[in-house]
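Beneath this line is the structure, given in structure tokens, with notes to follow.
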There are 2 protein chains.
Amino acid sequence: MSVSLQVVVPFAAERPKTRLGGVLSAAERRAFADAMLTDVLAAVTAAGHEPTVLTTAPLDRDVPQIVDERPLGAAVDAVLADAEPDHDRPLAVVMADLALATPTAIRRLTTVGGETSETGAAADLVFAPGLGGGTNAVVVREPQFRTAYHGASIADHRRVAAELGARVREVDSRRLATDIDTPDDLAELLLHGDGAAHDWLVDAGFELDTDDGRVGVTRESATHR
Amino acid sequence: MSVSLQVVVPFAAERPKTRLGGVLSAAERRAFADAMLTDVLAAVTAAGHEPTVLTTAPLDRDVPQIVDERPLGAAVDAVLADAEPDHDRPLAVVMADLALATPTAIRRLTTVGGETSETGAAADLVFAPGLGGGTNAVVVREPQFRTAYHGASIADHRRVAAELGARVREVDSRRLATDIDTPDDLAELLLHGDGAAHDWLVDAGFELDTDDGRVGVTRESATHR
């Protein structure tokens, strides 16, 4: 298969990453979220796709943008309703805080469901589960699919898929599972990242802290776990 | 390559899973750890390997066992010193609490490093990083490698590998990254498991709880996050 794949990256431009409020100021959270977006767009591009950012406000960035100030689910569902993705024109949604995403991980996402299964058909839906029950990325080849981004969304998305009779595959990726939301997640980025967000954190003074046997982060004199 | 691979599964038989002490009694923790071991051994076996359990005390279980009551690192290092693993006789170490491991995930672990790289050589060491900086599985083809299981062990293992001049690959697997240690991890098992440990949890009365938007678990009337 050599179909063109549209990749949409939803981005909260104005008040991102509120759960990092204990360790980063509002301005820092915006800068950090912007660095993560840079990493995600770079991984998608290096995997051979041209990403579109679905943003709550226009970005000063040279990338195709769709501006929609509604909440994530409503904005993504509007894109799905407009695009009507199917097997000839699949659409992927990749979260903007997957700062550990690599081109290889993105390629796994976009190719795993395209493999010919025993029935000779590709998956209608591919999910990349997030830690804590989220759905960090999807590939949609089923025009009727709509999102359910709340609570344990992966369980809801599996239910939606079953109701549609859709063939589902899941991608087993730690890198796609790790959305960077909390201070603990920053340790993952320090351990495994090598892009703009990793460098931003290091420049901001964050370091790994393993003093008590569990891995956390420290920033200058303060400790955050 | 079609070399035979020895797979060792370290198991703390007597006081397992102390960090689940807030939600499970000592007897329950032993039963739960035993169910997770069952799942890991099943995945390894289904992936085509015969596992050996490296246990702190003899188990009433029909599986090859090495009994060594020393701490994890010393016991694994003794196995490595004895086996002298190399490219003809690789040795894998897979933690006993990877209750989300599937045969596919184990096959990715044991084959990824065997791929011929650009230099024509397989990896000397393959790591499966755990969440929080651990090293949840390794494949060793370098006889001088010794473990460093403490703190952010993945960083230490990378350092050890660099000092040995070893070629390293890492497996990007959420399933191998998720060791089941804490109450939060139980939610991952409820969401994504389908083996003995998952069933044990359900039988013990655990359910997903998404009431406040974050995913946790409840057990009968108590809530644990």
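When B:Ala75 is tested against the conditions (1) touching a residue at least 60 places away in the same chain (Cβ under 8 Å); (2) surrounded by fewer than 13 Cβ atoms within 10 Å (Cβ to Cβ); (3) among the small types (Gly, Ala, Ser); (4) closer than 29 Å to B:Pro143 by Cβ, the lone failure is (2). In segment B:192-210, the residues that are touching a residue at least 40 places away in the same chain (Cβ under 8 Å) reach residues that are of a type in the set (S, T, N, Q) and assigned to a helix (DSSP H, G or I) with C-beta atoms within less than 7 angstrom, at least six apart or across chains, in these pairs: B:Ala196/B:Thr38.
Taking into account only those residues within segment B:101-121 that are assigned to a loop (DSSP other than H, G, I, E, B) and at pLDDT 95 or above, which is surrounded by the fewest Cβ atoms within 10 Å (Cβ to Cβ)?
Within segment B:101-121, the first condition is being assigned to a loop (DSSP other than H, G, I, E, B), and the residues that meet it are B:101-102, B:113-121.
Filter once more, keeping what is at pLDDT 95 or above: B:101-102.
On the way: B:Ala101: 30, B:Thr102: 22.
Ranking the qualifying residues of segment B:101-121, first place goes to B:Thr102.
Looking for something modelled with pLDDT under 95, within 17 Å of the chain's Cα centre (by Cα) and among the acidic types (Asp, Glu) - is there at least one such residue anywhere in segment A:186-204? No, there is no match, as no residue in segment A:186-204 is modelled with pLDDT under 95, within 17 Å of the chain's Cα centre (by Cα) and among the acidic types (Asp, Glu).
Taken over segment B:166-180, the residue count meeting the criterion of being charged (D, E, K, R) and within 18 Å of B:Thr38 (Cβ to Cβ) is 2.
Of all the criteria given as (1) touching a helix residue (DSSP H, G or I) at 6+ places or on another chain (Cβ under 7 Å); (2) surrounded by 15 or more Cβ atoms within 10 Å (Cβ to Cβ), the one not satisfied by B:Ala46 is (2). Does A:Leu59 count as surrounded by fewer than 19 Cβ atoms within 10 Å (Cβ to Cβ) and in a loop (DSSP other than H, G, I, E, B)? Considered against the rule, which asks whether it is surrounded by fewer than 19 Cβ atoms within 10 Å (Cβ to Cβ) and in a loop (DSSP other than H, G, I, E, B), A:Leu59 comes out as yes. Here is the figure for segment A:65-90: residues that are away from chain B (no Cβ under 14 Å) and closer than 13 Å to A:Thr147 by Cα total 8.
Scanning segment B:17-36 for residues that are without any contact (Cβ under 8 Å) to a residue 60 or more places away in the chain and within 20 Å of B:Val93 (Cα to Cα) turns up just one, B:Asp34. Among the residues of segment A:34-49, is there at least one that is touching an Asp or Glu at 6+ places or on another chain (Cβ under 6 Å) and within 14 Å of chain B (Cβ to nearest Cβ)? Taking every residue of segment A:34-49 in turn, none turns out to be touching an Asp or Glu at 6+ places or on another chain (Cβ under 6 Å) and within 14 Å of chain B (Cβ to nearest Cβ). For segment A:1-32, the tally of residues that are buried (at least 23 other Cβ atoms within 10 Å of the Cβ) and either assigned to a helix (DSSP H, G or I) or among the acidic types (Asp, Glu) (or both) stands at 1. Taking segment A:122-225 and the helices (runs of 4 or more DSSP H) fully enclosed by it, the elements with 1 or more residues that are away from chain B (no Cβ under 14 Å) and buried (at least 17 other Cβ atoms within 10 Å of the Cβ) are at A:153-164, A:196-203. For B:Leu98, the conditions (1) part of a loop (DSSP other than H, G, I, E, B); (2) within 13 Å of chain A (Cβ to nearest Cβ); (3) surrounded by fewer than 24 Cβ atoms within 10 Å (Cβ to Cβ); (4) at pLDDT 95 or above all hold with the exception of (3).
The values are calculated or read from the model by the stated rules, or taken from the named source; none is laboratory data. Note that this is a predicted model, so its numbers are computed, not measured. Neighbour counts are summed over all protein chains in view; Cβ atoms, including those assigned to glycine, are modelled from backbone coordinates with ideal geometry.
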